[in-house]
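Visitor: My structure is below; once you've seen it, I'll send some questions.
The values are calculated or read from the model by the stated rules, or taken from the named source; none is laboratory data. Model, not experiment: these values are computed from the prediction. Note: ideal-geometry Cβ built from the backbone for every residue, glycine included; neighbour counts use all protein chains shown.
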Amino acid sequence: MIFVNYKTYEEGTGQKALALAKILEDVARTSQVKIIPVVQTIDAEAIVSSVTLPIWIQHVDPVSYGAHTGWTLPEEVAKIGVAGVFLNHSEHKFNNFEALRNANQKAKSANLKTLIFAGDLEELKRICELNPTFVAYEPPELVGSTTASVIEAKSEIVSKAVEAARAAGIPLIVGAGIHSGNDVQKSLELGAVGVAVATDIVKAVDPRKELTDLVEGFK
């Protein structure tokens, strides 16, 4: 599977976000690879109603109904048809582990799948205790890289991350600098079930071409 993180890139916002989702849907249908757009909350409802792919968002907060100005409720996200949520991405870290635990619990109670990010092995092992749907190893220093991928720079740590996730019974996703079918193939060979990408697809001149290259890694 491929998670495509739209972040708040202009190329992944508004009508451009919807157009990209349709490209992802077409490539997923043709390749039979599961592709999941991870969109901005403000665009989620329109995209959910326009494509058949499972749509995720990039964050929810550990709150319920009440006086929480500017926060995102898991319950309301689920009501518009969102299927899952990223938590603890390096660009949106939780302030403490208890807040992360609560966000994961509230999201899962709202029937949202969760993918929690870890920047190193120790954090990953601790996150596995929370029993998210997926856990991701994504070293922050490689996030957004267009020259070096996690699988090229840290393959030994990816292998150890796979072992830790397997021991907890949680599928592992890898991310940071993923930009080729070869990156995907090597990630799968080491035991990951998929990858998380952003820049390589969302900011590409030809997203369809880049995504088609990535799905080759599943063959």
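Visitor: Can you work out which of the residues in region 48-100 that are closer than 15 Å to PRO37 by Cα and among the hydroxyl-bearing types (Ser, Thr, Tyr) is surrounded by the most Cβ atoms within 10 Å (Cβ to Cβ)?
Guide: By that ranking, first place goes to SER50.
Visitor: Let me ask something else. Based on what the data block shows, is GLY14 free of Cβ contacts under 8 Å to residues at least 24 places away in the same chain and exposed (fewer than 14 other Cβ atoms within 10 Å of the Cβ)?
Guide: No.
Visitor: On to the next question. Find the residue count for region 194-209, including only residues that are surrounded by fewer than 20 Cβ atoms within 10 Å (Cβ to Cβ) and within 16 Å of SER31 (Cα to Cα).
Guide: Qualifying residue count, region 194-209: 2.
Visitor: While we're on this one: Could you please find all residues in region 25-39 being in contact with a helix residue (DSSP H, G or I) (Cβ under 7 Å, 6 or more places away or on another chain) and under 18 Å from HIS59 (Cα atoms)?
Guide: Passing the criteria: PRO37, VAL39.
Visitor: So GLY81 passes all but one of these: (1) at negative phi; (2) part of a loop (DSSP other than H, G, I, E, B). Which condition number does it fail?
Guide: Every listed condition holds for GLY81 apart from (1).
Visitor: So, of the residues in region 201-219 that are of a type in the set (D, E, K, R) and out of contact with any strand residue (DSSP E or B) (no Cβ under 9 Å at 6 or more places or on another chain), which turns out to be farthest from SER90 (Cα to Cα)?
Guide: So, considering only residues that are of a type in the set (D, E, K, R) and out of contact with any strand residue (DSSP E or B) (no Cβ under 9 Å at 6 or more places or on another chain), the one farthest from SER90 (Cα to Cα) is LYS219.
Visitor: A further question on this structure: For region 156-172, enumerate the residues that are surrounded by fewer than 24 Cβ atoms within 10 Å (Cβ to Cβ) and at pLDDT 90 or above.
Guide: Passing the criteria: LYS160, VAL162, GLU163, ALA164, ARG166, ALA167, ALA168, GLY169, ILE170, PRO171.
Visitor: Oh, and also: Restricting to region 93-118, count the residues that are part of a loop (DSSP other than H, G, I, E, B) and either in contact (Cβ under 8 Å) with a residue 60 or more places away in the chain or out of contact with any strand residue (DSSP E or B) (no Cβ under 8 Å at 6 or more places or on another chain) (or both).
Guide: Count: 5.
Visitor: Here is a follow-up. Considering each residue of region 1-23, count those that are in a helix (DSSP H, G or I) and in contact with a Lys or Arg (Cβ under 9 Å, 6 or more places away or on another chain), and give that number.
Guide: 4
Condition check ((1) more than 30 Å from PHE97 (Cα to Cα); (2) of a type outside the set (A, V, I, L, M, F, W, C)) across all residues:
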| position | (1), (2) |
| --- | --- |
| LYS16 | yes, yes |
| ALA19 | yes, no |
| SER31 | yes, yes |
| PRO37 | no, yes |
| ILE42 | no, no |
| ILE55 | no, no |
| VAL60 | no, no |
